Amino acid sequence: MISAHAFPALEKSFFPQETLLMGAGPVPQPPSVRQANSRIASHLGERMNEVIRQIRIMTRYAFQTTTPWIFGLSGPGSAAAEMAIGNLIHSQSKVLAISSGHFGLRMYEMARRHQATVTLFEFDGRDAFPLERLRELLKQQFFHVVTLVHGETSSTTINPELAAIAALCKQHGALVVVDAVCTLGTTEVLMDEWQLDVLFCGGQKGLSSIPGVSLIAFSAEAWGQVVQRTFTPRHWCYDVLLAAEFWHHHRYHYTAPVNGLFALHEALRLLNAETLSVRIIRHRNSSRGLQHALLQLGLALAAPEVTRLNAVVGFFLPAGIASPDLIEHLLVEHKIEISASFGSPLLRIGQMGEQCRAENVFRLVNALALTLETLGHPVDRVAALESLTLLSEGAMPL
Ligand SMILES: *Cc1c(COP(=O)(O)O)cnc(C)c1O
């Protein structure tokens, strides 16, 4: 046995300094979500059955779907992507992975690991989606599954053609798997109306809940394929038929993330109480206010207006300022975190859930202006804050 002396106990517990998280996720949590997350209980039994039942109902509202096939899972948004892919495809499947960045490529990579034949369909998310190119491809080749991302957080672009793409894929017999990790709860996402077969999100973005507990829904058609499948999915934890034991039959699959489910329940309850329409307007006004303030500060936005993602706003710094310096200064001097973007010069500010509160956006814009000045780039801080006021009241179009 190795002695405890070899591993001296630390004298202090580790509690990170409170930082305002204004990056691409995780995002701040409302106090009642934090409180819910501090509760533990048994993962089986009547009380948990009721919590699960309510989560399923509230998720149907959040996803805008009537499908009963709703599941939560232990794991990040990426695990929900694994669950979608791993339950629908195998080595004989043909998959089309549509991608305009990091998260589109992630699903491509996942499908490849399941040894499916995967075709990558890349496009520049800033441009109009090449619907004709897709139509030609679908005429020539059959795909069992098409994967795509609604809001591509890495390039800060949204795909406004999601419904048209899904309709086209459905006409050609494919199931449509959609990553709505950053758009669910921030932007309109209509699972049924847009004919999406599998839709998923994480907890730590638009829902303002904790990371590590995610949600996924299967359409009747997708569920039909799951039930009739003749292969064994490679992931035991993410086998959705096993997950149905817990999520639909009150039986043990693996120990559910109880605290996280309480947090998720509360986050969904807050979304229901606010209503989706009010929430989406709050996000749009806050994000547009921020975008306008960034322009006032002389910063260039990464995406043109038609494909600009509101949930995560990307911008470039003026020449002469290095992104790591700005990120560091914001963090150390102002206790605010924003994100870089996978090695590109793009900087990203999140507008998801609690990030879209006037006090947070004002604090960020003020700190950003002061930081730019400190780093040798004078800006009109007051004008930026003023434009924020007007926009947060919804008075001015961008
Ligand atoms: C954050 C994000 C993911 C990954 O979520 P994790 O919880 O980090 O696995 C996937 N897709 C999009 C669009 C995201 O924004």
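The values are calculated or read from the model by the stated rules, or taken from the named source; none is laboratory data. Remember, it's a predicted structure, so these values are computed and weren't measured experimentally. Glycine gets a Cβ as well: all are built from the backbone with ideal geometry, and neighbour counts include every protein chain shown. In case anyone asks, the SASA skips ligands and DNA or RNA and just uses the protein heavy atoms, side chains included. Shrake-Rupley method; radii C 1.70, N 1.55, O 1.52, S 1.80 Å.
Some notes on this structure:
- Alpha-carbon Rg/Rh ratio, for the range 81-132, with Rh computed the Kirkwood way: 1.01
- Protection proxy ranking of 356-367, 371-382 - average other beta-carbon atoms within 10 Å, highest first: 356-367, 371-382
- Semi-axes of the equivalent ellipsoid of the range 241-398 are 36, 20, 14 Å, computed as sqrt(5λ) over the eigenvalues of the C-alpha gyration tensor in descending order.
- Percent antiparallel among DSSP beta bridges (both partners in the chain, rounded to 5): 50 percent
- For His144, the accessible surface of its heavy atoms amounts to roughly 70 Å² (probe 1.4 Å, protein chains only, rounded to the nearest 10).
- Calculated FRET value between Glu109 and Ser3, using beta carbons and R₀ = 56 Å, to 0.05: 0.80
- What a 1.4 Å probe finds exposed on the range 91-187 is 48% carbon and sulfur by accessible area, rounded to a whole percent.
- Longest to shortest principal axis, alpha-carbon extents of the chain, angstrom: 64, 63, 47
- His90 accessible area, assembled protein chains, probe 1.4 Å, Å²: 60 Å²
- Calculated P(r) of the range 190-242 - Cα pairs past 15 Å, %: 59 percent
- Solvent-accessible ranking of Trp247, Trp236, Trp69, largest area first, probe 1.4 Å: Trp236, Trp69, Trp247
- Normalised per residue, the accessible area of the chain is 44 Å², obtained with a 1.4 Å probe and no contribution from ligands, DNA or RNA.
- Size descriptors for the range 247-286: radius of gyration and Dmax over Cα atoms are 14.7, 44 Å.
- Estimated inter-spin distance, Arg229 and His102, nm [label 7 Å along Cα→Cβ]: 2.8 nm
- Label-to-label distance, Glu18 versus Gln35, with points set 7 angstrom from Cα along the beta-carbon direction: 1.6 nm.
- Separation of the alpha carbons by more than 25 angstrom is noted, of Lys139/Lys205; Lys94/Lys139; Lys12/Lys205, for Lys139/Lys205; Lys12/Lys205.
- In whole percents, the pair-distance distribution calculated for the range 114-184 from its alpha-carbon pairs, binned every 5 Å from zero, is 3, 15, 28, 26, 18, 9, 1.
- Within the accessible area of the range 274-384 (1.4 Å probe), percent carbon and sulfur: 55 percent
- The calculated pair-distance distribution of the range 1-136 uses every alpha carbon pair, bins of 5 angstrom beginning at 0, and gives 2, 7, 9, 12, 13, 14, 13, 11, 9, 5, 3, 1, 1, 0 percent.
- Over the range 296-377, the reciprocal of the mean inverse Cα-Cα separation, the Kirkwood hydrodynamic radius, stands at 13.2 Å.
- When all protein chains stay in place and ligands, DNA and RNA are ignored, the 1.4 Å accessible-area order of Lys205, Lys94, largest first, is Lys94, Lys205.
- When only alpha carbons are used to place a centre, the range 301-340 and the range 1-41 end up 26 Å from one another.
- Multiplying the residue separation of Ala163 and His248 by 0.36 nm and subtracting their alpha-carbon distance yields 27.7 nm.
- Leading residue at positive end of dipole, the range 16-128 (Cβ point charges), from Gly125, Thr65, Gly101: Thr65
- A 1.4 Å probe over all protein chains sorts Ser91, Ser287 by accessible area into Ser91, Ser287, starting with the largest.
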